[in-house]
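Here's the structure we're looking at; comments come further down.
The values are calculated or read from the model by the stated rules, or taken from the named source; none is laboratory data. For clarity, every value in this text was computed on a predicted model and none was experimentally measured. Please note: Cβ atoms are built from the backbone with ideal geometry, for glycine as well, and neighbour counts cover all protein chains shown. To get the accessible areas, we keep the full protein, side chains included, count just its heavy atoms, and leave off ligands, DNA and RNA. Shrake-Rupley method; radii C 1.70, N 1.55, O 1.52, S 1.80 Å.
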Amino acid sequence: NLTVEAIELTRLYGGRAAVSDVTFSLQQGQVLGFLGPNGAGKSTTMKMLTGNLAPSAGSVKICGIDMIEQPKEAKALIGYLPEMRPLYKEFTVDEYLTIAARLHNVSGKHIKKAVEHAKERCGLTHMSKRLIENLSNGYQQRVGIAQAIIHNPMVVILDEPTVGLDPIQIRDIRALIKEIGQAHSVIVSTHILPEVEMVCDHVQIIDKGKLVFNGGIDVLKQQR
Ligand code: ADP
Ligand code: ADP
């Protein structure tokens, strides 16, 4: 029951490998921490996993569907919160999530329900009519997570989900990610080790574009 398979993923920039020969897989229900310092290749990997960046070599399969051969089908199974947040802040939460549902091909008669459900899951119901630009960073991040789950994807990929948040917001977003992990396979890209320890059950460590550790959280904690 592999939901994500990254097979020998490589991405070159001007002859230099930002990501080199990265192979790993994710099982249904797993929450994987993709841990590494700035510049290690996390965002580049996340962009390849989500079909937003073409690999120089290697392949990605989502629930067995090849990202290059069947990008529409593969992308439909993924929800993605990119590191660069493309929030259209002049919209209300309801408007934004309705647009997100359309973009994710939720059928017309299901859009309202999908928006309500995503708001409920992300603690946004009371913010429905608020403009996104007037929300705190923490609530804007909830909106970002809500758009990633709006089409009930198999896999949710969150790139640096707590960057720029204050400690209370970080605590709340981590709790939310744990809940999301009850219903979806999740990949959390982060440079913060405690974040992985708190939220994930599995970890891949990437450094200079290469995977250097793969294991359960217990193993990681024992090695500290
Ligand atoms: P991380 O997300 O772990 O901080 P990135 O995947 O953003 O790392 O970047 C990995 C490496 O690839 C870095 O050295 C970065 O400067 C480089 N890189 C990323 N995107 C590009 C790009 N579009 N052009 C050239 N180099 C890039
Ligand atoms: P990220 O870690 O998410 O890639 P950055 O701030 O490193 O964020 O990069 C912002 C944008 O610039 C991204 O689209 C990235 O691919 C690109 N980029 C990153 N590093 C380089 C680089 N050395 N040369 C050109 N583009 C880059």
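Ignoring GluC sites (Glu not before Pro) that are buried or in helix or strand per DSSP, and keeping those with at most 12 other beta carbon atoms within 10 Å, what is the longest stretch of the chain between them? Write down the numbers at each step before the final one.
Numbers: sites that count: 69, 90.
In short, 91-224.
With no solvent and one point per C-alpha, what does the Debye sum give as log10 I(q)/I(0) for the chain at q = 0.07, 0.08, 0.13 Å⁻¹?
So the normalised log intensities work out to -0.21, -0.27, -0.73.
Which of the pairs 75/129; 75/113; 112/178; 61/221; 109/178; 47/112 have their Cα atoms more than 27 Å apart in this structure?
Details: 75/129 29 Å; 75/113 21 Å; 112/178 25 Å; 61/221 30 Å; 109/178 30 Å; 47/112 29 Å.
Pairs exceeding the cut-off: 75/129; 61/221; 109/178; 47/112.
Report the one residue of 194, 213, 157 whose Cα lies farthest in the direction of the positive end of the charge dipole of the stretch 93-224 (charges on C-beta: Lys and Arg +1, Asp and Glu -1; origin at the Cα centre).
Checking the options against the dipole of the stretch 93-224, the answer is 157.
Under a 1.4 Å probe, what is the accessible area of the stretch 1-66 per residue, stated in Å²? Walk me through the intermediate numbers first.
Numbers: 2750 Å² over 66 residues.
For the stretch 1-66, the per-residue accessible area is 42 Å².
In whole percent, and with a 1.4 Å probe on the protein chains, what portion of the accessible area of the chain is carbon and sulfur? It would help to have the intermediate numbers written out before the result.
On the way: 5570 of 10920 Å².
Carbon and sulfur together cover 51 percent of it.
Lys/Arg Cβ at +1, Asp/Glu Cβ at -1, dipole of the chain taken about the Cα centre: which of 110, 222, 141 is farthest positive-ward?
Towards the positive end, the residue furthest out is 110.
Which trypsin sites (Lys or Arg not before Pro) in the stretch 1-102 pass both tests, a DSSP loop state and at most 14 other beta-carbon atoms within 10 Å? Please list the in-between numbers first.
On the way: sites: 11, 16, 42, 47, 61, 72, 75, 89, 102; in loops: 89.
Answer in residue order: 89.
Using helices alone, what [θ] at 222 nm do you get for the chain, with -39,500 (n - 2.57) per DSSP H run of 4 or more residues, divided over all residues and rounded to the nearest 500? The partial results should precede the final answer.
On the way: 8 runs with 78 residues, N = 224.
Theoretical 222 nm ellipticity from helices: -10000 deg cm²/dmol.
Looking at 180, 170, 93, which one has the Cα that reaches farthest to the positive end of the dipole of the chain (charges on Cβ: Lys, Arg +1; Asp, Glu -1)?
The residue sitting most towards the positive pole is 93.
For the stretch 1-112, list log₁₀ I(q)/I(0) at each q in 0.19 Å⁻¹, using the Debye formula over Cα point scatterers of equal strength and ignoring solvent, two decimals each.
Debye curve over Cα of the stretch 1-112, log10 I(q)/I(0) at q = 0.19 Å⁻¹: -1.07.
With angles folded into 0 to 90 degrees, how steeply does helix 137-149 sit against the dominant principal axis of the chain? Use alpha carbons for both and round to 10.
For helix 137-149, the angle is close to 80 degrees.
In the neighborhood of residue 20, defined by Cβ-to-Cβ distances under 14 Å, what is the net charge if each Lys or Arg adds +1 and each Asp or Glu adds -1?
On the way: positive: 11, 16, 42, 208, 210; negative: 8, 21, 207.
For residues surrounding residue 20, the net value is +2.
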